[in-house]
Each structure stands twice: as structure tokens, then as C-alpha cells.
Amino acid sequence: MSIWTRISDALSALRKGEGLSVVFDRLRVGGAPERSVAFTIAVIALSAKMAKADGQVTRNEVSAMREVFIIAPQDEAGAARVFNLARQDVAGYEEYARKIRAMFRDGKDCLCDLMEGLFHIAMADGSYHPAEDAFLRRVAEILELPEAEFRAIRSRFVPDATPDPYAILGVSPDTPLDEVRRAWKRMVRETHPDALAARGVPQEAVKMAERRMIDINRAWEEIAGEAA
């Protein structure tokens, strides 16, 4: 069963007047499949709120979401439905973020995955609006992500931020090379599709892992090259 079929099932359970916040509450008690559904809905729903924040509500949401998820033609309507439900929902993005934080309280890595997905979508149209920056900073704050984690993710996506290879690998510039190598190898392991799936990232989000692996390897190569 595809992630989009499971999402459609979750949405069909909504009663009249209920919003996506109810979906997060219901999925919170589930296991890995439910976490994958919640992760996907969270990325799409928050991106819908972000689209309203920067005023670009006419942007092709399916094209933007393809920066993160593999969406087959027959699944486009389902993905767009989540986007439109969130855009029309009276609940604000802060409520969504709090529900997501509660659901993934035991997994900082998954919350970083979520932020990364939002940055993919924010940059899908080639620009980064100040309103998007304020939106993403507030979401990161609610998710209780450390400032260093936010800056590291931001530096990988936003043109006005110079990628810091040490920040990307989560080490300081004075860290011994052997420790940097261990950090790099750990991040490579954590970016493996099996590791992502274990913490709730759906297989349909493989593009995210591919981009991250490129950035991780480039950071290591830069640091190792400077030390040579």
C-alpha cells in the first residue's frame, strides 16, 4: 500500500468540521507506518501554511512537493488534497508544529528530516522569501531544534548562506580529523534509506536522502582536503 493510499484513508476518517490536527492526534498512537503518514502530512501541511506566509498561494504545490516526495500521476490529487486542506484549515501552523513535536518527541533526527523537507519545498521556486525564513525559524523553535541544527540545514539550501562543512557534519573547526571522519560515517549511516524509514521518513522521500548524502560527502571531502 502506497503512502498516498494510507494518507487518503487517514483523511477519509475525518468527520465534518475536523481538521488535520485531528489526524496527528490519531496517528500519534501508531507505529512506523503511522509515523510515515504523519511525517508526509506534516511536510505537506506546513508547506501549505508556508505558501500562505510568502503570499505564493498560486505556486504549483505538486511540483514543489516533488522536491521531497516521489508522486505518481495517479497520486497527485491525493497530495494536492492534503495541501488544500491545510491551506483552508482554520488551525494555524504553530498548532501543527506543536502536534508534530509531541508525536516525534523521542526523535530529534526525524524533526531535522522534517525541517529539511520544508527547506526543499521553500526553495522549489528558486527563491527564499523573508517570510519563509521567519516561518521556518518559528517552526524550528516550536520543534525545539537547536539553533546550530537550524543554521546547518539552512546553509545547505539557501543561496545567501555559505555552507559550513563543519556545521553540516555537526563538529567544530578544531575537532581532530579522526573524530570528523567518525561523525561523517555516522551521518552516512543515518542517511541510509533503512535508517530514515525506521524513524518515520517514507520511502517516497528518497530524494531528500540523495541530496543530504551529496552534502555530507562534499563536506567531508572539503575538510579532508584542507587537512591534506
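Structure summary
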quantity	calculated
Å² per residue, accessible surface of the chain at 1.4 Å	47
Filtered trypsin sites (Lys or Arg not before Pro), the stretch 85-188: DSSP coil and at most 14 other beta carbons within 10 Å	ARG105
Shape category assigned to the stretch 62-106 from the gyration tensor of Cα positions, a/c cut at 1.5	oblate
Prolate/oblate/rounded call for the stretch 145-195, Cα gyration tensor, a/c under 1.5 rounded	oblate
Relative contact order (percent, whole number), the chain, Cα cutoff 8 Å, 6+ residue spacing	25
Karplus 3J(HN,Hα) series, Hz, for the stretch 68-76 with 6.51 cos²θ - 1.76 cosθ + 1.60 (x for Gly, Pro)	10, 10, 7, 10, 6, x, 6, 9, 4
Spatial separation of Cα centroids for the stretch 196-222 and the stretch 135-150, in angstrom	20
Percent accessible area from carbon and sulfur atoms, the chain, protein chains only, probe 1.4 Å	51
Candidate lysines for bridging to LYS108, where Cα separation is under 27 Å - those fewer than 8 sequence places away on the same chain excluded	LYS49, LYS52, LYS99, LYS185, LYS207
Integer Hz, Karplus 6.51/-1.76/1.60 couplings in order for the stretch 197-204, x for Gly and Pro	5, 5, 9, x, 7, x, 4, 5
Of [x] 61, 48, 33; [y] 63, 36, 32; [z] 53, 40, 31, the label for Cα extents along the principal axes in Å derived from the coordinates	[y]
Accessible heavy-atom area order of GLU34, GLU204, highest first, probe of 1.4 Å	GLU34, GLU204
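The values are calculated or read from the model by the stated rules, or taken from the named source; none is laboratory data. This is a predicted model, so every value here is computed, not measured. Cβ atoms come from the backbone with ideal geometry, glycine included; neighbour counts cover every protein chain shown. Each accessible area value is taken on the protein alone, full model and side chains, heavy atoms only, with ligands, DNA and RNA left out. Shrake-Rupley method; radii C 1.70, N 1.55, O 1.52, S 1.80 Å.
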